[in-house]
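Notes to accompany the following structure.
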Amino acid sequence: MRPLLTALLPGALLIAGTAFAHGVAGEDQAFMLRSSGPLIGPYIYLGAKHMVTGYDHLLFLAGVMFFLYRLRDVGLYVTLFAVGHSITLLLGVLGGLHVNAYLVDAVIGLSVAYKAFENLGGFRRLGVNPDTRAAVLIFGLFHGFGLATKLQDLAISPDGLVVNMVSFNVGVELGQFLALGIIILLLNMLRASGQFFRIAGVTNVAIMSAGFVLIGYQLMGYATT
């Protein structure tokens, strides 16, 4: 058991390090730059790929799902997060609302640390009882802006833009459901092992550490640009 616990922290920090470079690049960026007109299928694929490789989003979702046991609760929190990031993703790209990418990503890092701190009982010890549903919705808005900033950096053709962005958002939702399925499967396996509560603390410390690393990296980037 101790080797498993020891491996969790560096693994989470590695995930956070990969998240620093998370964006639209390489062949995906080239495709977006050269394409025009409605391209529903490709943009659904790109949206799903962006979500399942967005380790900052996945860390937050893992924190949200960690202590949810009822399917109704899972559905509620997933819906709140989806509504939040859908609004700001479409508003940012289609509405032309621009925000600083470094600051948004710093808040996304904060969302990761916040949720892990909550899972560790930090707010309860402080005598604070935040509304977890409101927090997921609000942080979902920032996660959507995080997605939007990656697309705003590209000169995407206005021809078919609305259809393509809606398709991209549909892909994000599909990717989210795929990632959630894997997260819930792993959590259920962990719960069935009988070691869940022994591992929960160190796992959430690792997630919180990853969130703080991401915050520091993004604030450093903001300060130096």
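The values are calculated or read from the model by the stated rules, or taken from the named source; none is laboratory data. On a predicted model such as this, the values are computed, not experimentally measured, just so you know. Virtual Cβ from ideal backbone geometry, glycine too; neighbours counted across all protein chains shown.
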Filtering segment 68-113 for residues that are under 18 Å from residue 179 (Cα atoms), of a type in the set (A, V, I, L, M) and modelled with pLDDT under 90 leaves a count of 1
By residue number, the members of segment 185-199 that are free of Cβ contacts under 8 Å to residues at least 12 places away in the same chain and of a type outside the set (Ser, Thr, Tyr) are 185, 186, 188, 189, 190, 191, 192, 194, 196, 197
For segment 38-59, does any single residue satisfy the condition of being surrounded by fewer than 19 Cβ atoms within 10 Å (Cβ to Cβ) and of a type in the set (Gly, Ala, Ser)?
-> yes
Only one of 181, 194 is out of contact with any Leu (no Cβ under 7 Å at 6 or more places or on another chain), over 24 Å from residue 88 (Cβ atoms), outside any helix (DSSP H, G or I) and not basic (Lys, Arg), namely 194
Conditions (1) in contact with a Phe, Trp or Tyr (Cβ under 7 Å, 6 or more places away or on another chain); (2) modelled with pLDDT of 90 or more -> residue 118 fails only (1)
Open item on the list: Scan segment 184-201 and tell me whether some residue there is within 18 Å of the chain's Cα centre (by Cα), hydrophobic (A, V, I, L, M, F, W, C) and within 22 Å of residue 85 (Cβ to Cβ).
Closed with: yes
Within segment 13-25, residues being modelled with pLDDT of 50 or more and either under 13 Å from the mean Cα position of the chain (by Cα) or farther than 15 Å from residue 54 by Cβ (or both) number 2
Those residues of segment 128-174 which are under 21 Å from residue 43 (Cβ atoms) and of a type in the set (Asp, Glu) amount to 153, 159, 173
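Residue-wise test of (1) over 21 Å from residue 69 (Cβ atoms); (2) in contact with a strand residue (DSSP E or B) (Cβ under 8 Å, 6 or more places away or on another chain); (3) at pLDDT 90 or above; (4) among the basic types (Lys, Arg).
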site	(1), (2), (3), (4)
143	yes, no, yes, no
149	yes, no, no, no
154	yes, no, no, no
157	yes, no, no, no
160	yes, no, no, no
164	yes, no, yes, no
169	yes, no, yes, no
173	yes, no, yes, no
183	no, no, yes, no
Residue 68 passes all but one of the listed conditions (1) surrounded by 15 or more Cβ atoms within 10 Å (Cβ to Cβ); (2) free of Cβ contacts under 8 Å to residues at least 40 places away in the same chain; (3) in a helix (DSSP H, G or I); the exception is number (3)
